[in-house]
Amino acid sequence: MERRRETRTEADEIIRWKRPGRIEDHRAWTVDNSPSGLGFLTHALHALSPGDELHLRRKDDGMWAPMERNVRIARITPTSSPELVLVGCTLSDQSKQVPTERRRPW
């Protein structure tokens, strides 16, 4: 149920992520993406959980730009390295999910 059904495209960009309401800024490395999902590697010590909402930023023309989609963790998978986890996220259109007055910039 938590797995994407669409075709995934390989990705290899560095992204930044944080949880809403927290002062944090973490780096991650994308592994794939699809119209409704994204997979990335990040450090296991951050204690992410399925259901967590994230704010993502991508490098755009040399600047970090927020991703204008709702991002929610669907699953966390350990890797062969105990220091890294693979995070599978669902992406949804922000305008359908969050009322405009509640949306906050990064």
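The values are calculated or read from the model by the stated rules, or taken from the named source; none is laboratory data. Keep in mind that what you see is a predicted model, and the values were worked out from it rather than measured. Quick reminder, even Gly has a Cβ in these numbers, built from the backbone with ideal geometry, and neighbours come from all protein chains shown.
For (1) of a type outside the set (Val, Ile, Thr); (2) surrounded by fewer than 16 Cβ atoms within 10 Å (Cβ to Cβ); (3) touching a strand residue (DSSP E or B) at 6+ places or on another chain (Cβ under 7 Å); (4) in contact (Cβ under 8 Å) with a residue 24 or more places away in the chain, each residue gets a yes or a no:
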{"site": "ILE15", "(1), (2), (3), (4)": "no, no, yes, yes"}
{"site": "ILE23", "(1), (2), (3), (4)": "no, yes, no, no"}
{"site": "ARG27", "(1), (2), (3), (4)": "yes, yes, yes, no"}
{"site": "ASP32", "(1), (2), (3), (4)": "yes, no, yes, yes"}
{"site": "LEU38", "(1), (2), (3), (4)": "yes, no, yes, yes"}
{"site": "HIS43", "(1), (2), (3), (4)": "yes, yes, yes, yes"}
{"site": "ALA47", "(1), (2), (3), (4)": "yes, yes, no, no"}
{"site": "GLY51", "(1), (2), (3), (4)": "yes, yes, yes, no"}
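Of the numbered conditions (1) of a type outside the set (Asp, Glu); (2) closer than 15 Å to SER92 by Cβ; (3) in a loop (DSSP other than H, G, I, E, B); (4) at pLDDT 90 or above, GLY21 fails exactly one; give the number of that condition.
(2)
Give segment 76-88 a look and list any residue that's surrounded by 15 or more Cβ atoms within 10 Å (Cβ to Cβ) and over 9 Å from the mean Cα position of the chain (by Cα), or say none.
Answer for segment 76-88, where residues must be surrounded by 15 or more Cβ atoms within 10 Å (Cβ to Cβ) and over 9 Å from the mean Cα position of the chain (by Cα): ILE76, LEU84, VAL85, LEU86.
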